[in-house]
Amino acid sequence: EAGVAQSPRYKIIEKRQSVAFWCNPISGHATLYWYQQILGQGPKLLIQFQNNGVVDDSQLPKDRFSAERLKGVDSTLKIQPAKLEDSAVYLCASSSQGAAGYGYTFGSGTRLTVV
Amino acid sequence: KQEVTQIPAALSVPEGENLVLNCSFTDSAIYNLQWFRQDPGKGLTSLLLIQSSQREQTSGRLNASLDKSSGRSTLYIAASQPGDSATYLCAVRVAGGTSYGKLTFGQGTILTVHP
């Protein structure tokens, strides 16, 4: 089965600019997650979608971050305007609700550098 | 609030050694626990998934144990190889509530296996 696809792989922007990341989950996975991983730390959940509805966005800085999941498949995460502290790897993951135990599959991530 | 701690933060061993990575979590109400591997600049690769009702899982040279009541998990790597060098992340999945499905990660253990 194809994995979780993310693009772009790398992005360098200046502070106050905007940026968008794209994720295509594994086919049939109802749940999609965006995580932020700052260098030297474990990933932190930003937002969780179930189909095209938001389940948890309590850790999403809503004054600058937004996310959507169109038709319950692809998702985009946007930052506007970016700050220096947004420099991190943004990971997308998806999971099914099958008997396998809700295992996660992660994409390769997008490394964002804000200068 | 669930907190996950991994010890040690970094580990350097000679090739061939058996080693143990530790993970502890504060809230025993988990659905499962997952160990991931992360290579530099890459996403997360799932290594082992242990359901809350299980005590351990094995895959090749890897063995993970879970003691839910004490909030501890260990990842045992037998006969380590230089190719095992990576960051190892432990994550627990919350059971129930609005954050159902969310993974809470530790900060990771950076493993270096030298020839």
Just list whichever of A:LYS44/A:LYS78; A:LYS62/B:LYS42; A:LYS44/A:LYS83; A:LYS11/A:LYS44; A:LYS15/A:LYS62; B:LYS1/B:LYS102 have alpha carbons separated by over 22 Å in the model shown. A:LYS62/B:LYS42
Restrict the search to segment A:1-72; then list the GluC sites (Glu not before Pro) that DSSP places in a loop and that have at most 11 other Cβ atoms within 10 Å of their Cβ. A:GLU1, A:GLU14
Label points 7 Å out from Cα along the Cβ direction at B:GLU3 and A:VAL54: separation in nm? 2.8 nm
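How high is the relative contact order of segment A:52-115, given as a whole-number percent (alpha carbon pairs under 8 Å, six or more residues apart)? Walk me through the numbers on the way to the answer.
Working: 75 pairs, mean separation 16.8, N = 64.
The normalised contact order for segment A:52-115 reaches 26 percent.
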For chain A, max minus min Cα coordinate along each principal axis, in Å, sorted largest first? 44, 24, 22
Inter-chain Cβ neighbour average for residues A:42-52, partner chain, 10 Å: 4
Quick one: plug the Kirkwood hydrodynamic radius of the protein assembly as shown (C-alpha pairs) into Stokes-Einstein at 10 °C, 1.306 mPa s, and report D in µm²/s. 88 µm²/s
For chain B, would you read off the P(r) tail past 23 Å as a percentage of all alpha carbon pairs? 24 percent
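Each reported figure results from applying straightforward, stated rules to the coordinates on display, with no laboratory input. Since the structure is predicted, the reported quantities are computational estimates derived from the model, not experimental observations. As a convention, Cβ positions derive from the backbone with ideal geometry for all residues, glycine included, and neighbour counts pool all protein chains shown.
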